[in-house]
Structures are given as C-alpha cells and as structure tokens.
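Below: one structure, written as structure tokens.
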Amino acid sequence: MISDFEHKQGILPTDSSDMDNQFERFELLSAYIDGEVTAQERKQVQQWLDSDPEFHELYKQLLRVQRETPTLRVPESSVSVDNLSQGVFDTIDRQDGRKRGLLASGIGIAAVIVGSFVHISSPDGLFPRYARTEGDKKALTIALNRPAVEIPPTLR
C-alpha cells in the first residue's frame, strides 16, 4: 500500500535503487534543515531545491514540521507513575489468581469425573458389599438343636 506522502514524493516500490535514492535525498534534506551537512552536501541540496519542485515542497513540509513540533503540548497524565505501575502489578496478580483458581477447579472436576468412572465401572464400587446373595434368595436357616459341625463331647 502506497501512502499519499510516498505517492506525492514519487517514492514508488517498483525500483529499489530509486527508493534508496529517494530515501537518501530525504535523509540529506533532513540533515540540511538541522544544519548537519558538509559544504558539498549543502550545495547539492540547494541545487535540488532550485531544480525540483517536489523536492522543494518536501522541504517546506519538513520546515513546517520542525517549526510546529516544539509548540505541541504534551498532555499531563492524571495517574502518577507509581500508581500506574502498582495498577499494572495488581492486574497481573489478579490474573495469576484467576489462573490458579481455574486450575484448582479443573483438578476438582477431573477428580469427580475419575471417581465417578471408578465407582460405576468397578463391580464393588468404591465401597464393597460384604453380604451378598446370589442365585436363590432363600432365607438362612440355623438349626439350633442340630449344629452344623459336630461338637466334641469334652467341650459340652
């Protein structure tokens, strides 16, 4: 995408050497405005200013930027640096707390799911049943006058 500035200045991305040349001219013009050029460079820039109307327009734009930049007002911040940094760290701490809470909740949910699966899938569940009847459901009958095992006479 070509900016309006690039289009007006003839900086088109078709030829990289042309782009380099345009960039070098811009850099030299900026240094000229700041008074950071040699005598030979100053002559070159003045020649471009006299012969190239687009270059002269760029020069006027850069002069206006240089003139208006110091007059720009920097807005005052309503928050002190200490309060801002404390707010940032508080936000980080809250996010860490939320992550720990989510992790603990996830572990709890996983434990419930695993426990439910174990309870459902094991034949005895988590709590084995000790008295189990299978097959016929007959009542247990104990004969009091006839013991199931013969008791020796010495113990009677």
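Yes/no matrix, rows are residues, columns are (1) modelled with pLDDT of 90 or more; (2) closer than 28 Å to Glu24 by Cβ; (3) outside any helix (DSSP H, G or I); (4) aromatic (Phe, Trp, Tyr):
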residue	(1), (2), (3), (4)
Tyr59	yes, yes, no, yes
Glu68	no, yes, no, no
Pro75	no, no, yes, no
Asn83	no, no, no, no
Asp93	no, no, no, no
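Quick check: is even one residue across the stretch 61-83 surrounded by 13 or more Cβ atoms within 10 Å (Cβ to Cβ) and either of a type in the set (A, V, I, L, M, F, W, C) or touching an Asp or Glu at 6+ places or on another chain (Cβ under 9 Å) (or both)?
yes
Of all the residues that make up the stretch 1-32, how many are aliphatic (A, V, I, L, M) and modelled with pLDDT under 90?
So the count comes out to 5.
The values are calculated or read from the model by the stated rules, or taken from the named source; none is laboratory data. Please read all numbers here as calculations on a predicted model, not as lab measurements. So basically every Cβ, Gly included, is an ideal-geometry build from the backbone, and we count neighbours across all protein chains shown.
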